[in-house]
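Below you'll find the structure, written out as structure tokens, and then a few comments.
Just so you know, all these numbers are worked out from the coordinates, no wet-lab data involved. Please read these numbers as outputs of a predicted model, since none were measured by experiment. Note: ideal-geometry Cβ built from the backbone for every residue, glycine included; neighbour counts use all protein chains shown.
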DNA sequence: CGGACGGTTGACGAACTTCAAGTGGAGTGG
DNA sequence: CCACTCCACTTGAAGTTCGTCAACCGTCCG
């Protein structure tokens, strides 16, 4: 039940893969040095819980590699995923002690952590950090609201297509490609995790994936490897504007 | 189609009803004075659109009185409300030009606005503002995620009960009462607006309200005035923990 | 080999939407 | 004062989507 955590050796911030996207993105060299002093790495294996809902949380941090999920659970066991944490995403809330969500590693996961108190102190003195954190939080808020439309108004088929567009886009940006034409990527989630994200059952997820495959919107190699022959077609299936909905 | 806006005369910040909760909550007297110089009031009538999705937005601001909604619409007309803006809530995003949502006044509305450029400049120089805005944004993010659980996993009956608990709680805090025992308040939304918030049709909303009335969970005086004889009962109907789910 | 696990598929039923008719209150005009 | 109409809302009947229950497949692993 208690998750053993492996300490990993830190990378120099200058060489960090998420240097330009994480909460430290705006920091100057001297600010990075001070961050470097209070940071430490933690690794989690796939399936491990990083934080239990309601638990006291004495650190905040960034996902360096791997994927984690944020989920809420009702007493009777119904669960809803409320966030998908990718490399550079931030975990934890300065100024609050507990997490209202379970944070679970769905793949092997490495996090760059800061003890909360020193981080909060540093935020006070370093507008670059506070400013970047505000920017990231506003982005997450937009993403959460976008997802509310998916959950509230889209059909099962559109929900699946919406999830696939998100995964495809993210994969593209991580590999520095433009989201267009043919795209290939892996599903980092089980059918059940997809269902929890989309507010569906795993059976419905399975059926709709089969349907999209049958209709040529996607093809599968194995259960997890997806090919999207025409990204615009997928966007249409998701019910989105085909322009990709860029915000000014 | 173009909304005429009425300019109202500003109140002194010191006498402002949202002084202690809005983005300016942490400001010192001298900071307030500088804010006072760049602020102006705008009034909107019930039903007026404050901002159209995609429009350029040259101001940010706080709701002073009244209620506004944030909605997203798909091309085929399906709409999802993604936020309910109450007095002290903040509208607009520093660092971005457009709003991805329609903002609509559902009651007569007064906003305290700042032109975006001067406000952004002021944010740079005033950590109190940036800090408070971060705090408010994190609260909104939590609220959005809470709502994702409602949209994704709750039944129609639970959705209605969840909305009623939110409205009851807000009414209580505005009137400085504790949310417990018997509560009385007005519904500030039409059945259709409730449906858009909950991801339902207006008919389902109407039926479930009738059902809650029939079962004695609520009673109605007219269509809009609600009495909740037992708030804990309502929380149970919403599927929430009866402790109110306070976050540490 | 046997079991566990993730996934697929079918049959059936429940929950919610759709379509349609009808109610009640507020405002308007004769 | 009484139609008349408009609008938000209610209610009923029929239809659709998705969830539930259950059987089954293939792979991995001891």
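Here's the yes/no breakdown for (1) closer than 27 Å to residue B:191 by Cα; (2) out of contact with any strand residue (DSSP E or B) (no Cβ under 6 Å at 6 or more places or on another chain); (3) within 10 Å of another protein chain (Cβ to nearest Cβ); (4) outside any strand (DSSP E or B):
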position	(1), (2), (3), (4)
B:93	no, yes, yes, yes
B:107	yes, yes, no, yes
B:128	no, yes, no, yes
B:138	no, yes, yes, yes
B:146	yes, yes, yes, yes
B:158	yes, yes, yes, yes
B:166	yes, yes, no, yes
B:170	yes, yes, no, yes
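Residue check, residue B:84 against (1) in a strand (DSSP E or B); (2) away from every other protein chain (no Cβ under 14 Å); (3) buried (at least 20 other Cβ atoms within 10 Å of the Cβ), all met but one. Which one?
Looking at each condition in turn, residue B:84 falls short on (2).
Taking only the stretch A:48-61 into account, find how many residues are within 25 Å of residue A:151 (Cβ to Cβ) and either in a loop (DSSP other than H, G, I, E, B) or at the interface with chain B (Cβ under 9 Å from one of its Cβ atoms) (or both).
Residues in the stretch A:48-61 being within 25 Å of residue A:151 (Cβ to Cβ) and either in a loop (DSSP other than H, G, I, E, B) or at the interface with chain B (Cβ under 9 Å from one of its Cβ atoms) (or both): 3 in total.
Kindly indicate the residue of the stretch A:90-108 that is touching a residue at least 60 places away in the same chain (Cβ under 8 Å) and under 12 Å from the mean Cα position of the chain (by Cα) and also surrounded by the fewest Cβ atoms within 10 Å (Cβ to Cβ) among those meeting that condition.
Looking at the filtered set, the residue picked out is A:107.
Anything in the stretch B:172-188 that is within 16 Å of DNA strand D (Cβ to nearest atom) and outside any loop (DSSP other than H, G, I, E, B)? List them, or say none.
B:185, B:186, listed by residue number.
Kindly evaluate residue A:216 against the criterion of being more than 14 Å from chain B (Cβ to nearest Cβ) and more than 29 Å from residue A:21 (Cα to Cα).
yes
Got a number for residues in the stretch B:189-224 being more than 19 Å from the chain's Cα centre (by Cα), farther than 21 Å from residue B:79 by Cβ and either surrounded by 13 or more Cβ atoms within 10 Å (Cβ to Cβ) or within 11 Å of DNA strand D (Cβ to nearest atom) (or both)?
Residues that pass the stated criteria total 11.
Report, by residue number, each residue of the stretch A:62-78 that is crowded, with 18+ Cβ neighbours inside 10 Å, more than 11 Å from the chain's Cα centre (by Cα) and either on the phi > 0 side of the Ramachandran plot or facing another protein chain (nearest Cβ under 9 Å) (or both).
Within the stretch A:62-78, just A:72 meets the criteria.
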